[in-house]
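Visitor: Structure provided below as C-alpha cells; questions to follow.
The values are calculated or read from the model by the stated rules, or taken from the named source; none is laboratory data. Source: prediction; values computed, not measured. When we count neighbours, we look across all protein chains shown, and the Cβ atoms used for this are built from the backbone with ideal geometry, even at glycine. For the accessible areas, the whole protein counts, side chains as well, though only heavy atoms, and no ligand, DNA or RNA atoms are used. Shrake-Rupley method; radii C 1.70, N 1.55, O 1.52, S 1.80 Å.
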There are 2 protein chains.
Amino acid sequence: MAPPAIILVRPQLGWNIGAAARAMANFGLDDLRIVAPRDGWPNADARAMATGAGDILERARLHATAREAVGDLHHLWATTARHRDMAKPVLTPGEVARACRSGDLRTGILFGPESTGLANDEVVLADALVRIPTSGRQRSLNLAQAVLVLAWECSGSPEAVTEWRTADAPATMAEFDGFFDQLVGALDSSGFLRNREQRPVTVRNLRTMFQRAGLSGREVRTLRGVVSALAGRPDGDSV
Amino acid sequence: MAPPAIILVRPQLGWNIGAAARAMANFGLDDLRIVAPRDGWPNADARAMATGAGDILERARLHATAREAVGDLHHLWATTARHRDMAKPVLTPGEVARACRSGDLRTGILFGPESTGLANDEVVLADALVRIPTSGRQRSLNLAQAVLVLAWECSGSPEAVTEWRTADAPATMAEFDGFFDQLVGALDSSGFLRNREQRPVTVRNLRTMFQRAGLSGREVRTLRGVVSALAGRPDGDSV
C-alpha cells in the first residue's frame, strides 16, 4: 500500500503549504504536488512552517494545472466542502483511507485554494468527492487541517494498542491476598467492619476495588507499608 | 454524550490557542479551558486565528493550575508524545473517542505546552495517557494539530463503546483528590513519607495505583472511611 499523493491546487498562503507538509510527515505521507501556487515557488513561509518536513517540500513537484499533476495516478479524490451538482460518489475520509489501503494503485487527493475551493473543472478530474463532516458552527476547515485529517486517516491509526505501563511483574494471587488479609485485619481492629451484617459486602467491595487496579508485586508491597503505617503497627508478615 | 473538554496547559503561542478553538468549532466541541497561558489573556493572536470560533474563546475558562481546571471532570486523559514511566494505560485517539461517547460523564483531554509537553505532576492527574501515533520522520505534532486529531475522532459516529466498570457514577476529580489528599496527609503524619527525596515518587505511584482502579464516588467515600479508621482519626471533611 502506498499512501496517497497530496495535491494542493492554487494554494494561496505559504504557511498553509508548509503546515500541510508537516502534517504529511507526521503521518508518513511524502508525495506532495503543488499546482500554480499564488505566491510562486519556493516559498519562505512554507519552509518556515514545514518543521521536520523540509525534504517533502524540496521533493514537491510543481505543475501548471491540476490535470497535469495527476496523470500518473490510478484513483483521485477531490475534497470539497460545498455540495457539487455532480454525479459522483461522496466519501468520508475513512472510506478514502480504506480505498488507499486496498491495493498497489497510485492514489491522490486534490485540495483547492483556501478562499474558493476547487473549480468545477478540477473537481471533475476525480473519481469521487471526499467531504470531511464538520459542525454547523464552523463548517470551513483550514487547508492544512483538511490535509491533516486525511493524512491521519490514511495512516491507518492503529486500533486497540492499549498497553499497561507496569514494568513490574503483576502480583501473584498469594501476594495480593497477603496484602488484603492484612488490610482486613487492620480494619477489624479499628472497628471499621464492626457491622457484622454489612461486613461481607464491604470486604468484597474493597477487594474488587483493589483488584481492578491490577497491582504489581512491588505495588502490593507498597500498600502493605501504607496499611502498616496508617494502623501504626509493624507489618507482621511482610513479604 | 458530551464531547470532552479541551484543556490547554501553559500554552505558549496565541495562534495555537486560536487554531485549537477553530478545530474544536469544526467538530462540535465547545468547552475550552486554558491554564496559565504564557502571554496572558485575552490574546490578540488567538482571536485572529479563531475564525468562526470567537465564542469558544470568549467562554474559555482560565485557571491557574491544571489541577484546578479539571476538578469537575469524571475522566481525564493526558496527551503525551514521550514514553512516561507511569503505570497508566496508553490509549489511541480512537479509544478516547469511544470512551467519551460511552456515557453522560464529563471528560477532558490535557494538552501540554508546545516546547515541553505536560509536566509529570500534570500527567499524573489523568486516568490514562493518549498518544497520537506519528511517523518516525516527524514525531512532533503541532499543538493545534493534536487538538484537531482528537476533536475529529471524538466527533465520529458511535461504534462499539468501552464500558466503564462501575455501575455507580465514577468519582469526579475533586472527589478523588479529596480522598487522595486525606491519604497523603495521614501517611505524612504516620512518618511513611519521611524520606523527602523519595516522597514525590511514592506519592505519584500511590496516586497511579488508585486511579487505575477507576473508582466510583461511592468507593471513594468508602476509602475515606478506611483511611480514617486505620489512622484512628475521624475523617475531617467527609463528602
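Visitor: Quick one: if the Förster radius is 60 Å, what FRET efficiency do A:D104 and B:S189 give, using the C-beta to C-beta distance and rounding to 0.05?
Guide: 0.30
Visitor: Of all DSSP beta bridges located in chain B, what percent are antiparallel, nearest 5?
Guide: The antiparallel proportion sits near 5 percent.
Visitor: Taking amide hydrogens as modeled 1.01 Å from N in the peptide plane, which residues meet the under 5 Å criterion relative to B:V130, leaving out close sequence neighbours?
Guide: Those qualifying (amide H under 5 Å, at least 5 residues apart or on another chain) are B:A78, B:T79, B:T80, B:L91.
Visitor: Okay, next question. Find how many whole Å separate the alpha carbon centroid of segment B:204-227 from the alpha carbon centroid of segment A:36-108.
Guide: After rounding, the separation between the Cα centres reads 50 Å.
Visitor: Do any residues of segment A:198-215 lose at least 40 Å² of accessible area when the full set of protein chains is present rather than just their chain alone, and if so which, with a 1.4 Å probe?
Guide: A:M209, A:R212, A:A213
Visitor: In the protein assembly as shown, carbon and sulfur make up what percent of the accessible area (probe 1.4 Å)?
Guide: 50
Visitor: In nm, one decimal, shortest first: how far is the label point of B:D168 (7 Å from Cα along Cα to beta carbon) from the matching points in the other copies?
Guide: 2.7
Visitor: I've got another one for you. Explain nothing, just the number: dipole magnitude of segment A:24-155 about its Cα centre with +1 on each Lys and Arg Cβ and -1 on each Asp and Glu Cβ, in debye rounded to the nearest 20.
Guide: Dipole about the Cα centre, nearest 20: 380 debye.
Visitor: Convert each backbone phi in segment B:76-90 into a coupling constant with the Karplus relation 6.51 cos²θ - 1.76 cosθ + 1.60 (shift: θ = phi - 60°), then list the ³J(HN,Hα) values in order as whole Hz, x for Gly and Pro.
Guide: 9, 10, 10, 6, 8, 8, 8, 5, 10, 7, 10, 7, 10, x, 10
Visitor: Shortest first and in nm to one decimal, what separations exist between B:D181 and its copies in the other chains, measuring from label points 7 Å along the Cα-to-beta-carbon line?
Guide: Shortest to longest, the spacings are 3.8 nm.
Visitor: Right, next: How many square angstrom of accessible surface are buried between A and B, both sides summed, with a 1.4 Å probe and rounding to 100?
Guide: So the total buried area for this chain pair works out to about 5200 Å².
Visitor: Oh, and also: Need one number: nm distance between label points at A:D45 and A:R199, each 7 Å from Cα along Cα→Cβ, rounded to one decimal.
Guide: 7.6
Visitor: Now, a different point. Heavy-atom accessible surface, probe 1.4 Å, ligands and DNA/RNA ignored: which residues of segment A:35-51 lose at least 20 Å² versus the isolated chain?
Guide: Residues shielded by partner chains are A:M49.
Visitor: While we're on this one: For segment B:55-170, what class follows from the C-alpha gyration tensor (a ≥ b ≥ c being the square roots of its eigenvalues): rounded when a/c is under 1.5, otherwise prolate if a/b is larger than b/c, else oblate?
Guide: Rounded shape, in that the Cα axes give a/c under 1.5.
Visitor: Across the residues of A:136-145, average count of Cβ atoms on other protein chains within 10 Å?
Guide: Counting Cβ atoms of other protein chains within 10 Å of each residue's Cβ and averaging gives 6.
Visitor: List, in order, the whole-Hz ³J(HN,Hα) value for each residue of segment A:191-200 obtained from phi through the Karplus relation with A = 6.51, B = -1.76, C = 1.60 and θ = phi - 60°; use x for Gly and Pro.
Guide: x, 4, 9, 5, 6, 5, 5, 7, 3, x
Visitor: What list of ³J(HN,Hα) values in whole Hz, one per residue of segment B:49-58 in order, does the Karplus curve 6.51 cos²θ - 1.76 cosθ + 1.60 (θ = phi - 60°) give from phi, with Gly and Pro shown as x?
Guide: Computed from phi, the couplings for segment B:49-58 are 8, 8, 3, x, 10, x, 5, 5, 5, 5 Hz.
Visitor: With a 1.4 Å probe and all protein chains left in place, how much accessible area per residue does the protein assembly as shown have, in Å²?
Guide: Per residue, the protein assembly as shown has an accessible area of 44 Å².
Visitor: Taking loop as defined by DSSP and a crowding limit of 15 other beta carbons within 10 Å, which GluC sites (Glu not before Pro) in segment B:168-226 fit?
Guide: Qualifying residues, ordered by number: B:E197.
Visitor: Quick query: amide H of B:A169 versus all other amide H atoms, modeled in the peptide plane; which residues come in under 5 Å with a sequence gap of 5 or more or a different chain?
Guide: HN-HN under 5 Å from B:A169: B:G217.
Visitor: Using the 7 Å Cα-to-Cβ label point, sort the distances from A:P89 to its equivalents in the other copies shortest first and give them in nm to one decimal.
Guide: Once sorted, the set of distances for A:P89 reads 3.5 nm.
Visitor: For A:216-226, what's the mean count of beta carbons from other chains sitting within 10 Å of each residue's beta carbon?
Guide: What the average comes to for A:216-226 is 3.
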